[in-house]
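Everything on this sheet refers to the single structure shown next.
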Amino acid sequence: MIRVLLVDDDPLTLELHHSYLERLEGFEVAGECTGARAAIQAVLAGADRIDLVLLDVTMPDGTGVDVLRHVRARGATVDVMAITGVRDADVVRGMVALGVAQYLVKPFTFAVFRERLEQYREFSRRAHESAGAPTQAEIDAMLGALRPAGAVRLPKGLSSETLVLVSDDVRRHGPVSAGEAAQRLGMSRVAVRRYLEHLTTARRVIRSPRYGTGGRPESEYRWKPD
């Protein structure tokens, strides 16, 4: 049984997520918190009784990033799934750097919630079965269990976490050039262009020439409407 701590400052959201978990096999609610400080205390006090934290990002007394920084600094290795309406690229990057297993953006349907939790359940099962020194195939299977269904394997050298950041930048600021996105994300223009070209090939963004800049036109990218 996977024991889950729910963290959200909205009582109605807590109630909704509680009801969602009750509909899923293999999960049980280990506790509920409505603030960052309470979440930190609950994780540190119940390190051996909590397997997964469903963590909100924006709370009155702190953020999900604050919670993760505190518990990681104290050595807590509990798995965390961010569940939030925040799409800010810096927040996503910070949460990923602190080890979130998933980043789920509100609002979402029960079907999406179920899919992500079932992916985590499969990841947890594989992790327990591969105790000791897992093989490369076992490691790939564990990490693959956390990928959304139908996810396409990325080209060598690209990471799914950075792809999320670049995708979010195009959605929020598009049309963008590789240089503009790189400056906002703190990455090299060459690296960002690789992600933008991958998104173009995957038909998630549309590339077009940008004129009026003098000399050879540069490419700009805009998110393709759903």
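Points worth noting:
- If you go through region 83-118 and keep only what is part of a strand (DSSP E or B), touching an Asp or Glu at 6+ places or on another chain (Cβ under 8 Å) and within 19 Å of Leu185 (Cα to Cα), you end up with nothing.
- Lone qualifier among Val166, Val170, Val192 - being in contact (Cβ under 8 Å) with a residue 40 or more places away in the chain, part of a helix (DSSP H, G or I) and in contact with a helix residue (DSSP H, G or I) (Cβ under 8 Å, 6 or more places away or on another chain): Val170
- The residues on offer are Asp79, Asp90, and the sole one that is modelled with pLDDT of 85 or more and farther than 19 Å from Asp9 by Cα is Asp79.
- Residue within region 21-28 that is under 24 Å from Arg121 (Cα atoms), among the aromatic types (Phe, Trp, Tyr) and crowded, with 20+ Cβ neighbours inside 10 Å present: yes
- The listed residues are Ala89, Ala97, and the only one of them that is hydrophobic (A, V, I, L, M, F, W, C), touching a residue at least 60 places away in the same chain (Cβ under 8 Å) and farther than 23 Å from Arg3 by Cβ turns out to be Ala89.
- Residues (polar (S, T, N, Q), surrounded by fewer than 16 Cβ atoms within 10 Å (Cβ to Cβ) and more than 20 Å from the chain's Cα centre (by Cα)) located in region 153-199: Gln183, Ser188
- Inter-residue pairs, beta-carbon under 6 Å, first assigned to a strand (DSSP E or B) and in region 202-219, second modelled with pLDDT under 80, 6+ apart: Pro209/Pro217; Arg210/Pro217
- Being in a helix (DSSP H, G or I), modelled with pLDDT of 95 or more and more than 30 Å from Met187 (Cα to Cα) is not true of Ser124.
The values are calculated or read from the model by the stated rules, or taken from the named source; none is laboratory data. Source: prediction; values computed, not measured. Here Cβ is always computed from backbone atoms with ideal geometry, including for glycine, and neighbour counts include all displayed protein chains.
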